[in-house]
Amino acid sequence: QVQLVESGGGLVQAGGSLRLSCLVSGSILGINVMGWYRQAPGKQRDLVAGLISGGFTSYADSVKGRFTISRDNAKNTVYLQMNSLKPEDTAVYYCKVRLGLYDYWGQGTQVTVSS
C-alpha cells in the first residue's frame with residue numbers, strides 16, 4: 001500500500017512563493033508517473049504539473065514559467081515549487097503517483113493566495 005502525505009500549503013500574498021512536498025511511503029524509484037493536481041471550490045480537479053520517467057515534465061498553461069515539479073528519490077519526495085503566486089492559484093493541491101495499474105492520492109494541502 002502506497003501512502004502520500006502532502007505538506008507546505010498555507011496562506012501567502014500574491015507574488016509570493018510556496019514549495020509543496022509529497023512524501024511517499026516506500027521507495028519512489030519504481031514510480032514512473034507523478035503529478036500535482038488542484039481543485040478550487042466548485043470546480044473539477046485539474047492537472048497542474050506532471051513528471052514522468054526520464055525527467056519529462058508538463059504543465060498547465062496557467063502555471064507555465066511559475067511552477068516547477070521535481071523529485072528527490074533519496075527522500076521519497078515529490079515537490080512543487082510555486083512562484084509568482086496569484087489569487088487564482090488558490091485551491092487544494094493533491095499529489096498523485098501511479099504505480100503499476102494503480103493511482104494513489106494524498107489527502108491534499110490548502111493553498112490560499114491573497115490579493
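The values are calculated or read from the model by the stated rules, or taken from the named source; none is laboratory data. Remember, it's a predicted structure, so these values are computed and weren't measured experimentally. Cβ atoms come from the backbone with ideal geometry, glycine included; neighbour counts cover every protein chain shown. SASA here: full protein model, heavy atoms, side chains in, ligands and nucleic acids out. Shrake-Rupley method; radii C 1.70, N 1.55, O 1.52, S 1.80 Å.
Remarks
- Filtered residues of the range 19-59 (kept if open to solvent by 30 Å² or more (accessible area, probe 1.4 Å), touching a strand residue (DSSP E or B) at 6+ places or on another chain (Cβ under 7 Å) and of a type outside the set (V, I, T)): R19, L23, G30, N32, Y37, R38, Q39, R45, D46, L47, S58, Y59
- Cross-chain or 6+ apart pairs with Cβ under 8 Å, the range 97-115 first and assigned to a loop (DSSP other than H, G, I, E, B), then among the basic types (K, R) and surrounded by 11 or more Cβ atoms within 10 Å (Cβ to Cβ): G106/K96
- Counting only strands (runs of 3 or more DSSP E) that sit wholly inside the range 1-63, those with at least 1 residues that are among the charged types (D, E, K, R) and either closer than 15 Å to N76 by Cβ or at pLDDT 95 or above (or both) are 4-7, 18-24, 33-39, 46-52.
- If you check E88, E6 for being of a type in the set (D, E, K, R) and open to solvent by less than 40 Å² (accessible area, probe 1.4 Å), only one passes: E6.
- Number of the condition not met by A74 [criteria: (1) in contact (Cβ under 8 Å) with a residue 24 or more places away in the chain; (2) of a type in the set (A, V, I, L, M, F, W, C); (3) not in a strand (DSSP E or B)]: (1)
- Scanning the range 91-113 for residues that are over 11 Å from the mean Cα position of the chain (by Cα), open to solvent by less than 60 Å² (accessible area, probe 1.4 Å) and hydroxyl-bearing (S, T, Y) yields Y104, T112.
- Filtered by the rule that a residue be over 18 Å from D46 (Cα atoms) and open to solvent by 60 Å² or more (accessible area, probe 1.4 Å), the range 61-82 gives R71, N73, A74, K75.
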